């Protein structure tokens, strides 16, 4: 979903100007970026939404999105923001499903400077407004809650996107949730792997071949071992045995500064014991990868799922 926040307004409140970032917002500050296909309104669903209630299929989405957002905020060490951010996200998404009829609902949550930004695009050019709700009313309080809890909120010029913001804790607003590349990516390749142990052999063989083709001037043998460790970690903690529709991908990227980024993405958006994993308390895989010279971290991907990233430096040329 591409939405520019400049020139948005609601009751005198304005969204912060989007920071200029080469190539758009970096994935490392992104919690959610999804386009959700709506179920066509039919029969019982129309009755439910006229009564201010979501149909079963649509009602599942706020829960899924809260789960992903909670994982991101905990990873960013912002647990104090979880409850409020989840409530704001739920209200905006629910409002979009109830009061719009476009084929998709777009949801985007990301860090921008000292703010957490939540955007929901309902595809309908009609601005949401707080509406008076009776004391005993069960519905109609969504935007009143947003108005009360958010630092600021507003709508885009085309009225299709409603956004709100929350202030990050002052001591954490400038921290990076994962290691970023020091320079733009120059060359890259992606490996699509099976969600079973065969992925380990394929990662080793294909990784060795692709590193040679990419021409990375570093210890390619160590890099293949790091890739193997990340794929083994994904198979152990990111894949649910027997569940269909899962994915496992690996990407190798070489930056203009000759850094190597090794990204392995799986469908599990959580990594609650990451701090233990990298010191070897849950096995030697990620600890061994660090011993081989990699810097390890993880972040939420847009699939949804998570990506574990290893950053490796090139070999120093002898003078």
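With neighbour counts taken as other beta-carbon atoms within 10 Å, the residues 115, 211 rank, fewest first, as 115, 211. Whole-percent P(r), region 185-312, all Cα pairs, 5 Å bins from 0: 2, 12, 23, 25, 21, 12, 4, 1, 0.
Using 0.36 nm times the number of residues separating residue 198 and residue 240, minus their current alpha carbon distance, what extension gain do you get?
Length gained, residue 198 through residue 240: 13.6 nm.
Across region 179-271, the mean sequence separation of Cα contacts (distance under 8 Å, 6 or more residues apart), normalised by length, yields a relative contact order of 40 percent.
Mean sequence separation of contacting Cα pairs (under 8 Å, at least six apart), scaled by the length of region 224-319, corresponds to a relative contact order of 30 percent. A Förster radius of 45 Å combined with the Cβ-Cβ distance from residue 288 to residue 149 puts the calculated FRET efficiency at roughly 0.50. Separation of region 210-284 from region 70-89 is 26 Å, based on Cα centroids. If the segment from residue 157 to residue 35 were pulled out straight at 0.36 nm per residue, it would be longer than the present Cα-Cα gap by 41.9 nm.
What the Cβ-Cβ distance of residue 221 and residue 74 gives, at R0 = 41 Å and to the nearest 0.05, is a FRET efficiency of 0.70.
With neighbour counts taken as other beta-carbon atoms within 10 Å, the residues 240, 161 rank, fewest first, as 240, 161. Run the simple label-point estimate for residue 84 and residue 273 please: 7 Å along Cα→C-beta, distance reported in nm. My value for the distance between the label points is 3.3 nm.
Read-outs: derived from the displayed coordinates by stated rules, not from any lab. For clarity, every value in this text was computed on a predicted model and none was experimentally measured. Don't worry about glycine lacking a Cβ; one is built from the backbone with ideal geometry, like all the others, and counts go over all protein chains shown.
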